[in-house]
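Nothing in this text is a laboratory measurement; each read-out follows from the coordinates by a stated rule. Here the structure is a predicted model, which means the values were calculated and not measured. Cβ sites come from the backbone with ideal geometry, for glycine too, and all protein chains shown count toward neighbours.
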Amino acid sequence: MGQINNKRIVIIGDIHGCYLELKSLLKKIGWTEETKEDFRIITAGDLVDRGPDSLGVVRFMREQGFESVRGNHDDRYVKYHDTLLWHENNPGNPKPTWTKHQPERVEILSGLSHEDIEWIRALPTVIYIDEYRTVLVHAGFMPGIEISKQPENTKMHIRFLYPNKQSAFLDKKNGFSQPQGSYFWAEDYQDDWHVVYGHHVWDLDDIKIHTSPRGFSAYGIDTGACYGGFLTGLELSKDGNHIIHQVESSMPREERNKCQ
């Protein structure tokens, strides 16, 4: 039951600053200071933004040595840091507009230490879990391209594609919905690894599973903790009957079409 080399492998969906939910989920699966050597905890990225305690999540992850792929929101703070550093070294240039219009992000960035930023920068965009023929990515993959050759930006951002394989961005005019005439990347996934990903909230209660004609499945495990859904952990099992662990969010529950 999720045991390889005496470790239970649990992959946790997008945390987005929901530190209390992270601690609750760990407690639910039996992770403690005394039992933590029995676990391999990995997260699907997007540790920061939206929830109430991004800094607490990052520092706890670092302290415990948890693994994570880098999400688009995590990557954003590396870019914010680098941009402001450039402006410090090149005075006279106007600062980016987000520094005025998004005070919550300024607050998070100012609270992240140099060590925090460098830890985020070093997070990989893919983690292979060879024992289960499973790969973890934040967003997904472009069909028809080997995993090892996928662009970094694709792995952190992809959702929908048009039939010509061009990216289809969320339709902001219609509640950030799926663009007309597009399909989700996992519907055309062709590689021979199972995939676990976050990034896209299919539902506030349940995970989403796409299975390819070749028998490999893509598990979408972001169940919108920061939107009042659940924080989900997927415990890998050799027989493929993976175990779903969930804790309900303390955040206000939002409408489904806003959860992107």
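Of note:
- The helices (runs of 4 or more DSSP H) found entirely in the stretch 85-185 that carry 3 or more residues being surrounded by 12 or more Cβ atoms within 10 Å (Cβ to Cβ) are 103-111, 114-121, 152-157.
- Condition check for residue 25: in contact with a strand residue (DSSP E or B) (Cβ under 7 Å, 6 or more places away or on another chain) and assigned to a helix (DSSP H, G or I): yes
- Test: residue in the stretch 219-237 that is of a type outside the set (Lys, Arg), out of contact with any strand residue (DSSP E or B) (no Cβ under 8 Å at 6 or more places or on another chain) and farther than 24 Å from residue 74 by Cα: no
- For the stretch 28-53, the candidate set comprises residues that are of a type in the set (D, E, K, R) and not in a loop (DSSP other than H, G, I, E, B); within that set, the residue that is surrounded by the most Cβ atoms within 10 Å (Cβ to Cβ) is 40.
- For the stretch 54-66, the criterion of being assigned to a loop (DSSP other than H, G, I, E, B), surrounded by 16 or more Cβ atoms within 10 Å (Cβ to Cβ), small (Gly, Ala, Ser) and touching a helix residue (DSSP H, G or I) at 6+ places or on another chain (Cβ under 9 Å) is met by no residue.
- Pairs, first under 25 Å from residue 222 (Cβ atoms) in the stretch 73-93, second among the aromatic types (Phe, Trp, Tyr), C-beta under 9 Å, six or more apart: 80/98
- First in the stretch 185-210 and under 22 Å from residue 163 (Cβ atoms), second anywhere and in a loop (DSSP other than H, G, I, E, B) and of a type in the set (Phe, Trp, Tyr), Cβ under 6 Å, 6 or more apart: 208/202
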